1. Are any residues in segment 52-88 under 21 Å from PRO228 (Cβ atoms) and surrounded by 13 or more Cβ atoms within 10 Å (Cβ to Cβ), and if so, which ones?
2. What is the number of the single condition among (1) modelled with pLDDT under 95; (2) within 28 Å of GLY127 (Cα to Cα); (3) of a type in the set (Asp, Glu) that GLU198 does not meet?
3. What are the residue pairs meeting all of these: first residue in segment 20-34, first residue in the same structural domain as ILE61 (by TED's automatic domain parsing) and on the phi > 0 side of the Ramachandran plot, second residue among the polar types (S, T, N, Q) and assigned to a loop (DSSP other than H, G, I, E, B), Cβ atoms under 9 Å, and 6 or more apart or on different chains?
4. Let me spell it out: the conditions are (1) under 23 Å from GLY106 (Cβ atoms); (2) touching an Asp or Glu at 6+ places or on another chain (Cβ under 9 Å); (3) not aliphatic (A, V, I, L, M), and ASN162 meets all of them except one. Which number is the exception?
5. Please go through segment 27-47 and give me each residue that is within 19 Å of TYR226 (Cα to Cα), in contact with a strand residue (DSSP E or B) (Cβ under 8 Å, 6 or more places away or on another chain) and either among the polar types (S, T, N, Q) or not in a strand (DSSP E or B) (or both), ordered by number.
6. Please report, ordered by residue number, the helices (runs of 4 or more DSSP H) entirely within segment 53-131 with at least 1 residues that are among the hydroxyl-bearing types (Ser, Thr, Tyr), out of contact with any His (no Cβ under 6 Å at 6 or more places or on another chain) and in contact (Cβ under 8 Å) with a residue 60 or more places away in the chain.
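The values are calculated or read from the model by the stated rules, or taken from the named source; none is laboratory data. What you see is a predicted model, and the numbers here were worked out from it, not measured in a lab. Here the Cβ positions follow ideal geometry from the backbone for every residue, glycine too, while neighbour counts run over all protein chains shown.
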Amino acid sequence: MNVNDIDLFLNEVFPKENALDYDNVGLIAGDREKVVSAILVSLDLTDKAIEAAKETGANLIVTHHPIIFGGIKSLTMDDCIGKTLIKLIKSGISVISCHTNLDLTGEFGNLAIADKLGAEEPKALEGAVCGIVYELPEPLPLNVYCRMATVNLGSSGVISINNPENKVSKVFVQGGAFDEDSIDAVIRSGVDTVLSGEIKHHICVGLEQMGINTVIIGHSATEQAYLPKIKQLLSEKYPGITITVNYNNEVSSIL
């Protein structure tokens, strides 16, 4: 099984044409013809991820975020991206990224976050660019909901501008950063709380004016939920290849 085979398979599951215009997905760096010895799954391509790949014998890293979004004018040790890419290439490791094409693919994106939040019957929100909505069995005070979400998503904490006693009963969840184009759909849906990794302050203020709480829980905290799903996908397709997860820059073969 070579790098190109896995790139083609991931493209079947997460079609590249589904990626947003600004994005850069697929094989970012490496040799398409190289036989894959093992795979590391990581949210980002970092120096620690490369070291983790070496430790586990992986010569392919599958990331969510691409290290290159646009064109680069030079590849040197003078900046962090160049330094990491040079280290990657010297190590003989390839990297494939599945970003917004994954975000827009059902269970591998926001539904994975909802599952960690214990959501029952989550569903895509019609009219939203990306995201799901679910209802709690019983309303919870916002501060209680925030503590639960912090634990379940492994976050270091949350930010909210709202009264901690506000009730949470219907939640809109979007991993990564909240898309402002989804605001109208969120308001129409009757959602009382938006949870995302990043939300601009003026958006939080505007939503509060509409009676909607906002919970900012961290970009990484939301999207780390995708990694075990990607590992499971690859493990089922390639049972003979060892696959590990670089979770919060700590390798775990359990996930």
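1. Applying the first criterion (under 21 Å from PRO228 (Cβ atoms)) to segment 52-88 yields 52-53, 55-58, 60-66.
Passing the criteria: ALA52, ALA53, THR56, ALA58, LEU60, ILE61, VAL62, THR63, HIS64, HIS65, PRO66.
2. With (1) modelled with pLDDT under 95; (2) within 28 Å of GLY127 (Cα to Cα); (3) of a type in the set (Asp, Glu) applied to GLU198, the lone miss is (1).
3. Here the result reads GLY30/ASN59, each pair linking segment 20-34 to a residue that is among the polar types (S, T, N, Q) and assigned to a loop (DSSP other than H, G, I, E, B).
4. It is condition (1) that ASN162 fails.
5. SER42, LEU43, ASP44, LEU45
6. The qualifying helices (runs of 4 or more DSSP H) are 100-103.
Yes or no, residue by residue, for (1) of a type in the set (S, T, N, Q); (2) within 15 Å of ASN162 (Cβ to Cβ); (3) crowded, with 20+ Cβ neighbours inside 10 Å:
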{"site": "LEU195", "(1), (2), (3)": "no, yes, yes"}
{"site": "GLU198", "(1), (2), (3)": "no, no, no"}
{"site": "HIS201", "(1), (2), (3)": "no, yes, no"}
{"site": "LEU207", "(1), (2), (3)": "no, yes, yes"}
{"site": "ASN213", "(1), (2), (3)": "yes, yes, yes"}
{"site": "HIS219", "(1), (2), (3)": "no, no, no"}
{"site": "GLU223", "(1), (2), (3)": "no, no, yes"}
{"site": "LEU227", "(1), (2), (3)": "no, no, yes"}
{"site": "GLN232", "(1), (2), (3)": "yes, no, no"}
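Conditions tested, residue by residue: (1) assigned by TED's automatic domain parsing to the domain that holds GLU180; (2) touching a residue at least 60 places away in the same chain (Cβ under 8 Å); (3) small (Gly, Ala, Ser).
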site: CYS204; (1), (2), (3): yes, no, no
site: GLU208; (1), (2), (3): yes, no, no
site: ASN213; (1), (2), (3): yes, yes, no
site: ILE216; (1), (2), (3): yes, no, no
site: LYS229; (1), (2), (3): no, yes, no
site: GLN232; (1), (2), (3): no, no, no
site: GLU236; (1), (2), (3): no, no, no
site: ILE241; (1), (2), (3): no, yes, no
